[in-house]
Amino acid sequence: MTDPATARPRVLHVDDDDDIRAITQIALAVVGELEVLQCSSGLEALEVAQEFSPDILLLDVMMPDITGEETLAGLRQLDGLADVPVIFMTAKAHSDDVEHLMQLGTQRVIAKPFDPLTLASEVVEIWQQSANEA
């Protein structure tokens, strides 16, 4: 795990939408200068996450094959990922949906569409807060 005091977080971003992945890549890697690994499905994320060793998870909620919730449950079973902070991104940001996601141990729910100019700073802030609480 990366030290929050001296480095930028490694972000595992999982979203099935090509356009969202492209915008998020620019927002995090170009604007925010973060190290980002992107996956187009939860199944792909489960295959690569342990080797990548992310500091924070950025997950879409609604995906084919397995949902963001199912992806999170699978990632939590992998060595070293049980306590990695998670942010969900969703177009379904109704209060009941947000409350449900927060009960899963989510640090934040970001509504789509999101602001690509502030996404990286929001991710870093959440990561640093989580590290301070640990």
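Within the range 18-105, all pairs of alpha-carbon atoms sorted by distance into 5 Å bins from zero give the percentages 3, 13, 25, 26, 20, 12, 2.
Can you tell me the FRET efficiency between D79 and A7 if r is taken as the Cβ-Cβ distance and R0 is 25 Å, rounded to the nearest 0.05?
Given R0 = 25 Å and the Cβ-Cβ separation, E is 0.70.
Counting Lys and Arg as +1 and Asp and Glu as -1 over every other residue whose Cβ lies under 12 Å from the Cβ of G74, the net charge comes to -4.
For the pair D19 and S53, label points projected 7 Å from Cα toward Cβ lie 3.7 nm apart. Placing +1 on the Cβ of every Lys and Arg and -1 on the Cβ of every Asp and Glu, with no other charges, gives the range 75-121 a dipole of roughly 120 debye about its Cα centre.
Report, in deg cm²/dmol and to the nearest 500, the calculated mean residue ellipticity at 222 nm for the chain, where each DSSP H run with n ≥ 4 adds -39500 (n - 2.57) and the sum is divided by the residue count.
-11500 deg cm²/dmol
Under the simplified labelling scheme, the A29-E133 pair shows an inter-label distance of 2.9 nm, with each label point 7 Å from Cα along Cα→Cβ. In a reduced charge model with +1 at each Lys and Arg Cβ and -1 at each Asp and Glu Cβ, the range 10-128 shows a dipole moment near 220 debye about its Cα centre. For the chain, averaging the sequence separation of C-alpha pairs within contact (under 8 Å, six or more residues apart) and dividing by the residue count gives a relative contact order of 25 percent. For L104, neighbours were defined as the other residues whose beta-carbon sits under 15 Å from its Cβ, and their charges (Lys and Arg +1, Asp and Glu -1) total -4.
Karplus-derived 3J(HN,Hα) values for the range 49-61, using 6.51 cos²θ - 1.76 cosθ + 1.60 with θ = phi - 60°, are 4, 5, 5, 5, 6, x, 8, 8, 10, 10, 10, 6, 7 Hz; glycine and proline are entered as x.
Every number in this text was worked out from the coordinates using simple rules, so none of it is lab data. Treat the numbers as computed from the prediction; the structure is a model and nothing was measured. As a convention, Cβ positions derive from the backbone with ideal geometry for all residues, glycine included, and neighbour counts pool all protein chains shown.
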